[in-house]
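A short write-up of the structure that comes next.
The values are calculated or read from the model by the stated rules, or taken from the named source; none is laboratory data. Worth saying up front: this structure is predicted, and the values here are computed from it rather than measured. Here the Cβ positions follow ideal geometry from the backbone for every residue, glycine too, while neighbour counts run over all protein chains shown.
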Amino acid sequence: MKELKKLQKFFKTDYGKLIGFTLIVLAILSLYFRFIGPIPFSVNQTTTEKKTTFDVNGEGKATAVPDTAEINVGIRINKTTVEAAQKEANEKINKVTDELKKLGIEEKYIKTVNYSLYPEYDYRAGQKIVGYNINITLRIKVKDFDKINQVIDTATSLGANQIGNLSFTIDDEKLEELKMEARKEAIEKAKKKAKEIANAAGLRLGRIVNISENIPSDTYSSPLLREVGIGETAEEQKTEIQPGESEITASVVLSYETL
């Protein structure tokens, strides 16, 4: 009882009242956080920056003669049995491969890209199998362009009846050199254009703050493939293909600060 009276007397003093008030506030806050949650507050900050740029584009080109050709050579055979179709197709494709090697085409540049066998139906007889078709396709890579025509003529003379997908490409290292050449030209043209426009408009250009580039897919000129006509001599019937030139283009956009 004496202890309780002492405590009551203590809380009647100024210091005791302060302690008591503090304890009450802490108790209220504790109950609030427990049943309601933290007091929400947020800080909003907005930063604005004024930045003006002057953008100009330029395009550059580089040309070169391709150094690699690729062509598909295929055999298509139709026989009444699977065995007969496979035997004839394999014999012909092996002869083609052997003769291409004799022309100097390395074995690593002769690749089989398709080998398919499927039945042929006669739907008039109730979907009856009347034969089998087999397709074998080789992808030939030729580095010596003087041999492109020989490859085609040799393959067709040995029974190849599907020739197509002729394409010309450039060696990767050479291609990168051409891209760099086109890129430099594009940048120089863009700088010249920026200077001319700025002078005409009375603008003061600062430093280049950004540059973006677009190099589209390489474009190659279409090869010339002459079809054999009826009544032509053996000399006239030779395949004639010319690779033409390849064109690499680069486009850049320069962004200048304006003063």
Practice task
Kindly indicate whether ASN44 is at pLDDT 90 or above, over 30 Å from SER246 (Cα atoms) and polar (S, T, N, Q).
Solution key: no
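Please verify whether ILE129 is of a type in the set (Val, Ile, Thr), surrounded by fewer than 13 Cβ atoms within 10 Å (Cβ to Cβ) and outside the structural domain of SER212 (by TED's automatic domain parsing), treating the condition exactly as stated.
For ILE129, the condition - of a type in the set (Val, Ile, Thr), surrounded by fewer than 13 Cβ atoms within 10 Å (Cβ to Cβ) and outside the structural domain of SER212 (by TED's automatic domain parsing) - is met.
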Problem - Hey, VAL96 among the β-branched types (Val, Ile, Thr), within 23 Å of GLU245 (Cβ to Cβ) and not in a strand (DSSP E or B) or not - result: no
Fill in the blank from the handout: GLN162 fails exactly one of (1) at pLDDT below 85; (2) in the same structural domain as LYS92 (by TED's automatic domain parsing), namely (1)
Exercise for the section: Determine the pairs where a residue that is over 26 Å from PRO66 (Cβ atoms), located within the stretch 154-166, has a partner that is among the hydrophobic types (A, V, I, L, M, F, W, C) and buried (at least 17 other Cβ atoms within 10 Å of the Cβ) with Cβ atoms under 8 Å apart, the partner being 6 or more residues away or on another chain. Expected result: LEU158/VAL96; GLY159/ILE75; GLY159/VAL96; ASN161/ILE75
Handout entry: Test for GLU188: is it surrounded by fewer than 15 Cβ atoms within 10 Å (Cβ to Cβ), modelled with pLDDT under 95, out of contact with any Asp or Glu (no Cβ under 6 Å at 6 or more places or on another chain) and not aromatic (Phe, Trp, Tyr)
Key = no
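Within the stretch 123-136, identify whether any single residue is under 30 Å from PRO243 (Cβ atoms) and in contact with a helix residue (DSSP H, G or I) (Cβ under 7 Å, 6 or more places away or on another chain), and answer yes or no.
yes
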